[in-house]
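Please read the structure below before turning to the comments.
The values are calculated or read from the model by the stated rules, or taken from the named source; none is laboratory data. Source: prediction; values computed, not measured. Glycine gets a Cβ as well: all are built from the backbone with ideal geometry, and neighbour counts include every protein chain shown.
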Amino acid sequence: MIDEELVQLLTPEGERVAHSDYVSTLTSEEIFALYRDMVIVRRLCNEATSLQRQGQLALWAPLQGQEAAQIGAGRAMAPTDFSFPTYREHGIAWCRGVAPEDMLRIFRAVTTGGWDPQKYRHAVPTVVLGNQALHAVGYAMGIQRDGAEEAVLALFGDGASSQGDTLESFVWAAAFNAPVVFFCQNNQWGISTPSSLQFKVPLYRRAEGFGFPGIRVDGNDVLAVYEVTKRALENARVGGGPTMIEAYTYRMGAHTTSDDPTRYRVDAEVEVWKHRDPLARVKALLTREYQTKASAFDEVVAEAESLASKLRVDVLAMGRPDPITMFDNAYADQHPLVDEGRREMVELGVSAGTSP
Amino acid sequence: MTMAKALNEGLRRALEKDPKVLLMGEDIGKLGGVFRITDGLQKDFGEDRVVDAPLAESAIVGTAVGLAIRGYRTVCEMQFDGFVYPAFDQIVSQVAKLHKRSEGAYTMGLVIRLPFQGGIGAIEHHSESPEAYFAQTAGLRVVSCSTPNDAYWMIQQSIEHDDPIIFCEPKSRYWEKGEVDLDGPAHGLFSSVVRREGTDVTLIGYGSSVKTMLRAADTAAHEGVSIEVIDACSISPLDFAPMVASVEKTGRFITVQEAPHTASIGSEIVAELTQRCFYSLRAPGLRVSGYHVPYPASRIEEDYRPSVERILDAVDRVMGFDS
């Protein structure tokens, strides 16, 4: 056990554990589906890292180690809920239906966006830490005014926990009883900044001071993350107000491909977390409790390989955009300086000006 | 009616016309705002539409972004110009860029009302002119009203517009009266307006400076100098066509603003008009502005803000170039 306050339904060894408040409601098929999601997003993430190392992406922010946190939370959402991510939420994006190649567009540096946030009900990522927590609360205030039974998932990490916007979003959510669930993936490191520099009491305990419940869940236990997030979202949808979930996890890789974690953390720490791997414990459970066959696991691996190959092909096909597209959507309405820039670019012969 | 009342009526009309319009700000409900611009609106439209906010400016703007994604049009009130900076990150990083970043999927149709400029004898942080910070940021538009009629119409035009707008209100003019024509707006939201015609010198400014420029023009007329006064109205984008037409006629121009002039709206106007009107110019464009110091204690603020005397001194200088 990492911590007695932690909600855990599955140990790192794949043993079920009883919890006083939560019980896993998932069938073997549903658990297998979560396992499949985790295998796929890990494989896609590794492919993206390779693409970056080969000079095909400007940057990549790996999610390795956080698969259970993201798949558990993402699958707990209803189709009508809305999520507000950071730049590392590839697992959530996968659950929302965003195509893998669309997740990589921003990292290929061919766009500042990537997918239609309204279609997938998954916002475009926010890079400035904490900004999106306020957007999530504002969106939730809109849900209240529409009288809709929907909830919002506000995603952030331990790195954003010191930001004013994150804390202001707690104040706002409490003051207006907004239907929002704050989902903090505490992966222990904000680039090189250890969580010990960011908070002196466990993060989830902050929620009580703002006037709503906080729960710490084993972020590497997909069964627990799923149940805790599902209940918090259900509660928010029916007017129960905000909840903060701290998914206690670990960033197994670098902050981004530009980072070198060997400069600030020791191998022994990484080794400890390797034994808490989010995938291995589910595989152990499926094998032991449901006698899932090796061939079923092999099929998932093959599917992940195939998706990774497709991702590579799709990314390599993304060429340099026509420079004239930089003027698109700078404003919703016509703007003289944008028009002037567009004209100049065409006059210089940089673009034929075919942009819509 | 006063400009304050005109803004109140404009907001009321916007709330009546579109159920998606919300107002959010500090003390805007029961109190009606520290300047009473939203007086009575919460009583008539309810707490869900005229929202008293906790005291955190970044959150006022940040939640308005989320509301915009949900399809609402929020009018955010910043209580004073000097209190907008906590929201600067949300405005510059998110409000200005999200239409672009979402590839057009989000409409950031929100308005940030900013009582700006000095002249009310206030303490520190209550008299600033931050408009150039926002004008410099692509994705934003910045406008300023100088009359009650413009206040009434421009606030409604801004709320209806699909781009985010920083709406600068010259607080020293809140209590000055003028006619409001309820039949229709006098001009487009992004059009500059000739407030007084003249033939010798063009004065260009916005907000509180418009009235000061008109007073300077009156005085100059007694001395035989004919001054044309242009109210920029739109600070970003600037509407240069009326300015160019004026300067091609007068050959001399001066910009007037309370903000310091380095990298300012006045500097932008001088650069652009120098380029466009080079062969018509009879003198270099001058800038009358606040000094490059933090806004001073208000007992001496009238020696910081552009005065009729300082404007007339600049008029003498441009008139002296070809005599």
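Residue B:63 falls short on exactly one of the conditions (1) more than 8 Å from chain A (Cβ to nearest Cβ); (2) crowded, with 20+ Cβ neighbours inside 10 Å; (3) in a helix (DSSP H, G or I), and that condition is (1).
Would you confirm, using the coordinates I've provided, whether residue A:85 is within 9 Å of chain B (Cβ to nearest Cβ), under 19 Å from residue B:97 (Cα atoms) and not charged (D, E, K, R)?
Numbers: within 9 Å of chain B (Cβ to nearest Cβ): no; under 19 Å from residue B:97 (Cα atoms): yes; not charged (D, E, K, R): yes.
Against the criterion (within 9 Å of chain B (Cβ to nearest Cβ), under 19 Å from residue B:97 (Cα atoms) and not charged (D, E, K, R)), residue A:85 does not qualify.
Of the residues making up region B:67-94, those that are touching a residue at least 40 places away in the same chain (Cβ under 8 Å), buried (at least 24 other Cβ atoms within 10 Å of the Cβ), within 10 Å of chain A (Cβ to nearest Cβ) and not aromatic (Phe, Trp, Tyr) are B:67, B:68, B:74.
Within region A:298-325, the set of residues being small (Gly, Ala, Ser) and under 26 Å from the mean Cα position of the chain (by Cα) comprises A:302, A:304, A:306, A:308, A:309, A:317.
Looking across region B:50-60 at every residue that is outside any helix (DSSP H, G or I) and surrounded by 19 or more Cβ atoms within 10 Å (Cβ to Cβ), the one that is nearest to the other protein chains (Cβ to nearest Cβ) is identified as B:56. Reported count of residues in region B:203-247, each being in contact with a Ser or Thr (Cβ under 7 Å, 6 or more places away or on another chain), in a strand (DSSP E or B) and among the hydroxyl-bearing types (Ser, Thr, Tyr), is 1.
Just to be sure before I move on: is residue A:78 touching an Asp or Glu at 6+ places or on another chain (Cβ under 9 Å), more than 26 Å from residue A:205 (Cβ to Cβ) and without any contact (Cβ under 8 Å) to a residue 40 or more places away in the chain in the structure I sent?
Working: touching an Asp or Glu at 6+ places or on another chain (Cβ under 9 Å): yes; more than 26 Å from residue A:205 (Cβ to Cβ): yes; without any contact (Cβ under 8 Å) to a residue 40 or more places away in the chain: no.
Criteria not met by residue A:78.
Taking first residues from region B:277-300 that are surrounded by 12 or more Cβ atoms within 10 Å (Cβ to Cβ) and partners that are acidic (Asp, Glu) and in a loop (DSSP other than H, G, I, E, B), the Cβ contacts under 6 Å between residues at least 6 apart in sequence or on separate chains come to B:282/B:322; B:295/B:128.
Answer yes or no as to whether residue A:152 is under 17 Å from residue B:71 (Cβ atoms), touching a helix residue (DSSP H, G or I) at 6+ places or on another chain (Cβ under 7 Å) and crowded, with 21+ Cβ neighbours inside 10 Å.
yes
When region A:171-195 is filtered for residues that are out of contact with any helix residue (DSSP H, G or I) (no Cβ under 6 Å at 6 or more places or on another chain) and assigned to a loop (DSSP other than H, G, I, E, B), the ones remaining, listed by number, are A:177, A:187, A:191, A:192. Listed by position, the helices (runs of 4 or more DSSP H) contained in region A:94-170 that have at least 3 residues being facing chain B (nearest Cβ under 9 Å) are A:117-120, A:131-146.
A Cβ distance below 7 Å, combined with a sequence gap of six or more or placement on separate chains, defines the contacts here; from region A:334-353, residues that are more than 19 Å from residue B:238 (Cα to Cα) reach residues that are of a type in the set (Ser, Thr, Tyr) and not in a helix (DSSP H, G or I) in the pairs A:345/A:351.
Are any of the residues in region A:201-224 more than 29 Å from residue A:22 (Cα to Cα) and either polar (S, T, N, Q) or without any contact (Cβ under 8 Å) to a residue 24 or more places away in the chain (or both)? No: zero hits. Within region A:210-252, the set of residues being small (Gly, Ala, Ser) and surrounded by 21 or more Cβ atoms within 10 Å (Cβ to Cβ) comprises A:214, A:219, A:224, A:232, A:236, A:247.
Filtering region B:103-147 to residues that are within 14 Å of chain A (Cβ to nearest Cβ) and not hydrophobic (A, V, I, L, M, F, W, C) leaves B:103, B:104, B:106, B:107, B:109, B:136, B:137, B:139, B:141. Being part of a helix (DSSP H, G or I), in the same structural domain as residue A:180 (by TED's automatic domain parsing) and under 18 Å from the mean Cα position of the chain (by Cα) holds for only one residue in A:224, A:236, and it is A:224. Based on this model, can you work out whether residue A:183 counts as at pLDDT 95 or above, away from chain B (no Cβ under 14 Å) and either within 24 Å of residue A:90 (Cβ to Cβ) or touching a Gly at 6+ places or on another chain (Cβ under 8 Å) (or both)? For residue A:183, the condition - at pLDDT 95 or above, away from chain B (no Cβ under 14 Å) and either within 24 Å of residue A:90 (Cβ to Cβ) or touching a Gly at 6+ places or on another chain (Cβ under 8 Å) (or both) - is met.
Quickly run through region A:71-93 and pick out the residues that are in a loop (DSSP other than H, G, I, E, B) and either of a type in the set (Lys, Arg) or surrounded by fewer than 20 Cβ atoms within 10 Å (Cβ to Cβ) (or both). Answer for region A:71-93, where residues must be in a loop (DSSP other than H, G, I, E, B) and either of a type in the set (Lys, Arg) or surrounded by fewer than 20 Cβ atoms within 10 Å (Cβ to Cβ) (or both): A:78, A:79, A:80, A:87, A:88.
One residue is enough: does region A:132-144 have a residue meeting the conditions in contact with a strand residue (DSSP E or B) (Cβ under 9 Å, 6 or more places away or on another chain), farther than 24 Å from residue A:186 by Cα and aliphatic (A, V, I, L, M)? The answer is yes; a qualifying residue exists. Taking (1) at pLDDT below 95; (2) assigned to a helix (DSSP H, G or I) in turn, residue A:258 satisfies each apart from (2).
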